[in-house]
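Contents: one structure, followed by commentary.
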Amino acid sequence: MTIVDGTRSHDARDAWTRKPSLRAVYTDLYQRIAARCVPGVILEVGGGSGNFKDYAPDTISTDIVAAPWLDAVADASRLPFADGAISNIVLFDVLHHIEFPVQFLDEANRVLRPGGRIIFSEPAITPISNLFYTHMHPEPVDMKADIFAVGKPDPERDPFDANQAIPTLMMRRQRDRFEARFPGLRIHENQLTSLLAYPMTGGFRPWTMIPGVMVPLVLGLERLLLPILGPLMAFRILSVIERRS
């Protein structure tokens with residue numbers, strides 16, 4: 001059985017503390033997620049370094065590994081909550097790590113109340129971001145993967161294995177398949193975000209190309225350019241999925 005390495009969550013938390021530019025970019029994204037939550041219980045799946053609770057303090061934060069700043073250990077495909085008990089499920093860079101995303105969405109559909117939401121921010125694969133993610137990022141991009149496949153979980157799989165293409169395939173390239181597979185869910189919002197500031201921070205790696213004080217200015221410029229440049233070079237996707245009443 002795979003032993004999950006909990007040091008990665010601690011390393012991510014250290015990077016968050018060290019890098020003002022990273023905090024500034026992620027603060028913008030976390031605030032966007034929090035603003036899209038409906039009233040009621042918020043469940044965070046894949047809480048990682050535990051930063052979302054700074055923007056939604058009453059969140060129940062879970063992950064596949066334990067950490068002092070998390071509330072519970074939980075598998076995204078087997079959520080320990082009753083039917084209809086949750087109003088919002090939020091994920092940040094988690095969907096593309098799930099072995100069988102369909103199983104997670106079935107679970108989300110089960111635990112969400114009518115009108116409840118799944119809200120996530122994930123990598124977006126566009127012509128320019130694809131070059132970055134393929135050649136400068138350690139996680140693979142497989143645009144040919146069958147993301148709607150369901151199988152027996154691999155007990156030897158590292159939960160941090162990933163396919164960065166999953167959100168783009170599900171929400172943009174194969175949206176018709178999503179809608180057919182999940183008639184109880186509807187895509188409420190689906191927007192491309194993050195042109196320049198996000199890749200310039202270097203993410204959770206040691207380097208950065210932008211000081212924290214410059215991030216708000218760059219984000220303001222991005223909002224003006226996104227309608228034109230988003231399909232060409234957006235690095236992230238922000239999606240809201242609602243459970244039908």
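Observations on the structure shown:
- Report summary: the helix-based calculation at 222 nm, which adds -39500 (n - 2.57) for every DSSP H run with n ≥ 4 and divides by the residues of the chain, gives -10000 deg cm²/dmol.
- Dipole of the chain, positive direction: furthest Cα of P138, G230, T201, with charges on the beta-carbon: G230
- Separation between Cα centres of segment 165-184 and segment 200-231, rounded to whole Å: 28
- With all protein chains in place and a 1.4 Å probe, the accessible surface of segment 58-107 carries 52 percent carbon and sulfur.
- With every protein chain in place, segment 161-219: carbon and sulfur % of accessible area (1.4 Å): 59
- Charge dipole magnitude, Cβ of K and R +1, D and E -1 - the chain, Cα centre, debye nearest 20: 700
- Across A234, A197, A12, mean-square fluctuation computed from a Gaussian network of the chain (C-alpha pairs under 10 Å connected) peaks at A12.
- Relative contact order of segment 52-96: 21 percent, from C-alpha pairs under 8 Å at least 6 residues apart in sequence.
- Over the chain, Cα pairs under 8 Å with separation of 6+ residues give a relative contact order of 23 percent.
- In terms of its C-alpha gyration tensor, segment 31-106 comes out rounded, because the ratio a/c of the largest to the smallest axis stays below 1.5.
- Here's how it looks for T193: its modeled amide H is under 5 Å from those of F235, R236, I237, L238, which are all 5 or more places away or on a different chain.
- Ignoring lysines fewer than eight residues from K144 along the same chain, the ones with Cα atoms less than 30 angstrom from its Cα are K152.
- Summary value for segment 31-79: 30 percent relative contact order, contacts being C-alpha pairs under 8 angstrom separated by 6+ residues.
- Probing with 1.4 Å while keeping every protein chain in the model, the per residue accessible area of the chain equals 45 Å².
The values are calculated or read from the model by the stated rules, or taken from the named source; none is laboratory data. Given the structure is predicted, the values throughout are model-derived calculations rather than measurements. Cβ sites come from the backbone with ideal geometry, for glycine too, and all protein chains shown count toward neighbours. The accessibility values were calculated without ligands, DNA or RNA, using every heavy atom of the protein model including side chains. Shrake-Rupley method; radii C 1.70, N 1.55, O 1.52, S 1.80 Å.
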